[in-house]
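See below for the structure under consideration.
The values are calculated or read from the model by the stated rules, or taken from the named source; none is laboratory data. Note that the coordinates shown come from a computational prediction; the quantities given were computed from them, not determined experimentally. Positions of Cβ are backbone-derived with ideal geometry, glycine not excepted, and every protein chain shown enters the neighbour counts. These accessible areas exclude ligands, DNA and RNA; they are computed on the full protein's heavy atoms, side chains included. Shrake-Rupley method; radii C 1.70, N 1.55, O 1.52, S 1.80 Å.
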Amino acid sequence: MTPTETFLQARDLLFKHRDDYDAARLEFKWPRLSHFNWALDWFDVLAKGNSRPALRITDDAGRDQSSTFAELSERSTRLAGFLHRQGLRRGDRLLSLLPSTAPLWEVTLAAMKLGAVIIPATPQLTPADLQDRVDRGGVRLAVCEEAGAEKLDAVKGDFARVIAGGKRAGWVALEDGYSESSEFKPEGITGADDPLLLYFTSGTTAKPKLVQHTHTSYPIGHLSTMYWIGLREGDLHWNISSPGWAKHAWSSFFAPWNAGATIFVSNYARFNPKAALELVVKAGVTTLCAPPTVWRMLTLEDLPSYQTRLREVVGAGEPLNPEVIDRVKRGWNLTLRDGYGQTETTCQIGNSPGQVVRKGSMGRALPGYDAVLLDAEGKQVDEGEISLTLDPRPLGLMAGYRGDEELTARAFRDGVYRTGDVALRDEAGYFHYVGRADDVFKSSDYRISPFELESVLVEHPSIAEAAVVPSPDELRLSVPKGFVALRPGITPSREVAKEIFAFIRGKLAPYLRIKRLEFYELPKTISGKIRRVELRRTEMERRRAGAGRAVNEYWDEDFPELKEKK
């Protein structure tokens, strides 16, 4: 069989058993290929003569624009030739700083056809963040719009600069690429294990880890994500997620197009739950994926008053609150289903369509994945670290952490891949999320590294030491809170807190900013290490008890004068 036929055979088996979890688990096997290029071997095949919409984008101005599969195939082919003319070659790294506009999908497809390695990045990144990605990522070419170009102009490096949606001195216009030839011949075949994606993701050190995926691990690996969502050919799928994050590739790229569904996008200046629900109805969205933070906002609205065409609703990125699941059930008579995965993997555990959902559970291991819970000694337990068995190795698992053999070896040891997340398993085999094995935590849909934020805090001249932990928040699950010890001679006060919050705003992207601050004598071990576990427990107990703020605690909302002007 051809690579395309092999891929289709695996996909169609999951279609066949979309409501039969046991049969899908038993029969599904990952396709093992020696060469594969998803953009050429699947998307272009799907797109040939296909006039169905592949991508539909709306915005606050009322624009509603669609691109067919055939149109995207041709445009991306033209851009592949254009990027090649700019010097991009197989294995070269492309930094994508594009927002949710058509060029994001076109450039991604084009880079795949070339065999280039894509570094997705959110437009929220600061110039310092971008400099790190250029340096450690070895960027050869960057693509962005005007706002991103302003930041990248401050970044040093010998890389080509391409701007979408305009012209700028020293930059090449992406629009010039649409006049390239519609004939493109790749430079040789793409190996199945050739690198495709390089994600910078938060870790326990100051610098993000570099997660590397191949031309099969995410493109084919997201068959599991497709199965979890319950996507069908012809669906209109909306995944509420921002570009630059792995979840965007999960549900705004690979999973829907694996199924032949239409990707729906809404470009909004600020998320508005009422407007989002109206759009679901107006556009005729059939499948909706959103982080629990968004679901909590949506369920505060009068759901029964919105007569939707939704068939499947799912959430991922953090645990779903049972109350939110109940509200969706009461409002729409739909079961909101949880799913679990990482930047390092595709969806590995989830509540698939047609299955009984146990409240508070993120489901069972999906087809192609075998998950076990292990303690520190590697013994299987009912509560422990979620680990994936490697015999056989799940295709949706990363190749490793680029440039860090020690970290890769630590994650892949003793015949398993350790996720760093802790869960418990009930008598029916359902997994229930407990928390991170290390100190990384989720705020809204973003992974937060305490060390990264602490490194910024201690740069402030008034701070001697700092520890960052999650502070429970009703809307966002948790927000970053800094416990800080001031330098001798400096007294805790509102003025000092204001100075620190202002300092943070100049150093951190909005999604990383510390929202709460407390002047505190930090607890330490005998060896002098800060006991974050004690601070986390203290903060959790305070919020659970409704104790209110501590004497020397301040929140960023106390200082409206620091908010950015619109």
Handout entry: Modelled FRET efficiency - R0 25 Å, Arg542 with Glu474, Cβ distances, 0.05 increments
Key = 0.95
Handout entry: Nitroxide proxy distance, nm - points 7 Å out along Cα→Cβ at Ala169 and Gln9
Key = 5.9
Exercise for the section: Could you order Asp414, Asp382 by accessible surface area, starting with the largest, using a probe radius of 1.4 Å? Expected result: Asp414, Asp382
Practice task
Note the full-extension length gain between Ala409 and Glu233 as 0.36 nm times their separation in residues minus their Cα-Cα distance, in nm to one decimal.
Solution key: 59.4 nm
Fill in the blank from the handout: With +1 at each Lys and Arg Cβ and -1 at each Asp and Glu Cβ, the charge dipole magnitude of the chain around its Cα centre, to the nearest 20 debye, comes out at 480
Exercise for the section: For a label point 7 Å from the Cα of Glu534 along Cα→C-beta, name the residues of region 444-470 whose backbone N is under 20 Å from it. Expected result: 450-451, 454, 464-470
Completion exercise
Taking a ≥ b ≥ c as the square roots of the Cα gyration tensor eigenvalues, with a/c under 1.5 meaning rounded and otherwise prolate when a/b beats b/c or oblate if not, region 94-151 comes out oblate
Completion exercise
Here the relative contact order (percent) of region 241-371, from C-alpha pairs under 8 Å and at least 6 apart, is 18
Fill in the blank from the handout: Sorting Arg309, Arg52 on solvent-accessible surface, 1.4 Å probe, most exposed first, gives Arg309, Arg52
Problem - Area of Ser179 that stays accessible when all protein chains are in place (1.4 Å probe, Å², to 10) - result: 100
Problem - Tail beyond 20 Å, pair distance distribution of region 389-457 (Cα, percent) - result: 49
Exercise for the section: State, to one decimal in nm, how far the label point of Lys16 lies from the label point of Asp193, with both points 7 Å from Cα in the Cβ direction. Expected result: 3.0
Practice task
Rounded to the nearest 0.05, what FRET efficiency do Asp158 and Ser493 give with R0 = 56 Å and r taken as the Cβ-Cβ distance? Could you check?
Solution key: 0.70
Practice task
Would you mind working out the magnitude of the charge dipole of region 52-128 relative to its Cα centre, with +1 at each Lys and Arg C-beta and -1 at each Asp and Glu C-beta, to the nearest 20 Debye?
Solution key: 380
Problem - Mean separation of Cα contacts under 8 Å (6+ apart) over length of the chain, as relative contact order % - result: 11
Exercise for the section: Take every DSSP beta bridge with both residues inside the chain and express the antiparallel ones as a percent of the total, to the nearest 5. Expected result: 60
Exercise for the section: Kindly flag which residue pairs out of Lys156/Lys524; Lys209/Lys507; Lys442/Lys498; Lys29/Lys329; Lys167/Lys274 have an alpha-carbon separation exceeding 29 Å in this structure. Expected result: Lys156/Lys524; Lys29/Lys329; Lys167/Lys274
Exercise for the section: Could I have the simple spin-label model distance between Val356 and Trp332, label points 7 Å from Cα toward Cβ, reported in nm to one decimal? Expected result: 2.5
Completion exercise
Rounded to the nearest 10 Å², the 1.4 Å probe accessible area of Glu459 is 100
Exercise for the section: Would you compute, from DSSP H runs of 4+ residues alone, the mean residue ellipticity of the chain at 222 nm, taking -39500 (n - 2.57) per run and dividing by the full residue count, rounded to the nearest 500? Expected result: -8000 deg cm²/dmol
Practice task
State the extension gain, in nm to one decimal, for the chain segment bounded by Arg85 and Arg32, taking 0.36 nm per residue of separation less the distance between their alpha-carbons.
Solution key: 15.8 nm
Practice task
Using Cα pairs closer than 8 Å and at least 6 residues apart in sequence, work out the relative contact order for region 178-320, in percent.
Solution key: 20
Practice task
Quick one: order Arg516, Arg410 from most to least accessible surface, probe 1.4 Å.
Solution key: Arg410, Arg516
